[in-house]
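Since every read-out is calculated from the coordinates, none of them should be taken as a lab result. From a predicted model like this one, the values you see are computed outputs, not experimental measurements. Neighbour counts are summed over all protein chains in view; Cβ atoms, including those assigned to glycine, are modelled from backbone coordinates with ideal geometry.
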Amino acid sequence: ILGGQFVSRLNLNLREDKGYTYGVSTGFTFGRYAGDFMAALSVQTNATSESIREVLKEIRHIRDSHPVSAEELVQAKAAVTRGYPRGFETASQVAHGLARSALYQLPDDYFSQVVPSVNLVDLETVRRVAQEYLAPDQLTTVVVGDRDAIATGLTDLHAGELIEISLEDLVSN
């Protein structure tokens, strides 16, 4: 609903309305339990700070002033349940699913229960979870790009301390 589907809020905002990116994905990391929340997108350099501003705005909207609508939930559930089988089309995808199942000690029927579980999700739960787990003021933002071209815009966001990590820093550590 927030990102990942063509009709997601972030995709409609950043791709369709502003033309900053080809697509945006959001979600929680996969494991035995829910992990960190992440939004991922590639944008034009000159749209970096504005894109971050828009992502934070959409997160605030979905959790507070513009909660998920019944129509958005129906569309999202349909997209997830109809698209789910595509994740098991190749031997590699099946092997990856089995590896995740073993790694996270998932129950034997986990993959057969995903679609029924998605269909049970209700609007009240989605809204509650958005308020409980989407915390825009607690996010860490990682930006990769031309420092000289994006640093000023990032400073203008007033989103906390900027920490620069160079390629050399990554390689030497």
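Rounded to the nearest 0.05, the FRET efficiency derived from the C-beta distance between Thr90 and Thr125 at R0 = 35 Å is 0.60. For the stretch 38-86, what does the alpha-carbon gyration tensor say about shape, rounded, prolate or oblate, given a ≥ b ≥ c as the root eigenvalues, a/c under 1.5 as rounded, and a/b over b/c as prolate? Oblate. In terms of surrounding Cβ atoms within a 10 Å radius of their Cβ, Tyr133, Tyr110 rank from fewest to most as Tyr133, Tyr110.
Result for the chain in a Gaussian network model with C-alpha springs under 10 Å: among Pro116, Pro136, Pro67, the largest mean-square fluctuation is at Pro116. Is the stretch 14-121 rounded, prolate or oblate when judged by the Cα gyration tensor, a ≥ b ≥ c being the square roots of its eigenvalues, rounded requiring a/c under 1.5 and prolate requiring a/b larger than b/c? It comes out prolate by the Cα gyration axes. Here the chain is scanned for GluC sites (Glu not before Pro) in DSSP loops (not H, G, I, E, B) that have at most 12 other Cβ atoms within 10 Å, and the longest stretch holding none of them is 1-88. Mind pulling the angle between the C-alpha long axis of helix 48-60 and the longest principal axis of the chain? Nearest 10 degrees, somewhere in 0 to 90. Helix 48-60 sits roughly 50 degrees off the main axis of the chain. Largest mean-square fluctuation among Ile163, Ile59, Ile150, in a Gaussian network model of the chain whose springs join Cα atoms under 10 Å apart, belongs to Ile163. From least to most packed, judged by other beta carbons within 10 angstrom and beginning with the fewest, Ser8, Ser92, Ser101 follow the order Ser92, Ser101, Ser8. In terms of other Cβ atoms within 10 Å, Arg53, Arg9 run from fewest to most in the order Arg53, Arg9. Taking a ≥ b ≥ c as the square roots of the eigenvalues of the Cα gyration tensor of the stretch 89-173, is the shape rounded (a/c under 1.5), prolate (a/b larger than b/c) or oblate? In terms of gyration-tensor shape, oblate.
Give the separation of the Cα centroids, the stretch 20-55 to the stretch 100-173, in Å. What the calculation gives is 7 Å, centre to centre. Over all other residues within a Cβ to Cβ distance under 13 Å of Val142, the charged ones net out to -2, with Lys and Arg as +1 and Asp and Glu as -1. The GNM of the chain, with springs linking C-alpha atoms under 10 angstrom apart, assigns the highest mean-square fluctuation among Leu98, Leu139, Leu73 to Leu98.
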